[in-house]
Amino acid sequence: MTAPVIRGVNHIGITVPDIEAAKSFLVEAFGGQVIYQSFGPQDPPRQGPEFERAVGALPGTVVRAQAMVKIGIGPDIELFEMHGHEQAQPVRASDFGITHFGVYTDDIDASVERFEKAGGTALTAPRAIP
């Protein structure tokens, strides 16, 4: 029996404090497209012991919204608006976990300008990745 071959990454999940602001930023900064929203703030939240076990969330965590955003041809970004009693602050680059993502572009200067205009902050000058 041969091992299954992974063909690629489909999506990456990110928990955000405000799904509308996150969707808006990804659309404005990166030309993203919201391809679906499973449920939103107007719907009943996902919560309870079964949900907490399924996703590894702390007791009392509530998911208020979920959406998927496509940016170009890379993996999609799945957004979750979650709220809980013991939420940690966002990670720093020295912490464990996802700390950044890179993008492909044909015009880095225009892309950085668009990113900053949408509210992003460039921490360093852009550089080519071999």
Do we find that GLY97 is within 16 Å of the chain's Cα centre (by Cα), assigned to a loop (DSSP other than H, G, I, E, B) and surrounded by 10 or more Cβ atoms within 10 Å (Cβ to Cβ) in this structure?
-> no
Residues in the range 32-54 that are loosely packed, with under 13 Cβ neighbours inside 10 Å and under 17 Å from GLU78 (Cα atoms): how many?
-> 4
Residues in the range 35-45: is at least one more than 20 Å from THR99 (Cα to Cα), among the small types (Gly, Ala, Ser) and in contact with a strand residue (DSSP E or B) (Cβ under 8 Å, 6 or more places away or on another chain)?
-> yes
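Conditions tested, residue by residue: (1) without any contact (Cβ under 8 Å) to a residue 60 or more places away in the chain; (2) more than 13 Å from THR15 (Cα to Cα); (3) over 16 Å from the mean Cα position of the chain (by Cα).
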| site | (1), (2), (3) |
| --- | --- |
| PRO49 | yes, yes, yes |
| ALA65 | yes, no, no |
| MET82 | no, no, no |
| PHE115 | no, yes, no |
List the number of the failed condition for PHE101; all other conditions in (1) at pLDDT 85 or above; (2) closer than 15 Å to GLY13 by Cβ hold.
-> (1)
State whether one or more residues within the range 4-13 are closer than 19 Å to ALA118 by Cα, out of contact with any Gly (no Cβ under 9 Å at 6 or more places or on another chain) and β-branched (Val, Ile, Thr).
-> no
When you look at LEU79, is it in contact with a helix residue (DSSP H, G or I) (Cβ under 8 Å, 6 or more places away or on another chain), on the phi < 0 side of the Ramachandran plot, among the aliphatic types (A, V, I, L, M) and assigned to a loop (DSSP other than H, G, I, E, B), yes or no?
-> no
Could we say that ASP109 is surrounded by 11 or more Cβ atoms within 10 Å (Cβ to Cβ) and either of a type in the set (Asp, Glu) or out of contact with any Gly (no Cβ under 9 Å at 6 or more places or on another chain) (or both) here?
-> no
Does PHE39 count as of a type in the set (A, V, I, L, M, F, W, C) and either in contact (Cβ under 8 Å) with a residue 60 or more places away in the chain or closer than 16 Å to ARG114 by Cβ (or both)?
-> no
If you scan the range 1-35, which residues turn out to be under 15 Å from ALA65 (Cβ atoms) and either hydroxyl-bearing (Ser, Thr, Tyr) or at pLDDT below 90 (or both)?
-> THR15, SER24
Look through the range 1-24, keep the residues that are part of a loop (DSSP other than H, G, I, E, B) and of a type in the set (D, E, K, R), and return whichever of them is nearest to GLY74 (Cα to Cα).
-> ARG7
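The values are calculated or read from the model by the stated rules, or taken from the named source; none is laboratory data. This is a predicted model, so every value here is computed, not measured. Cβ coordinates were reconstructed from backbone atoms using ideal geometry, including for glycine residues, and neighbour counts include every protein chain displayed.
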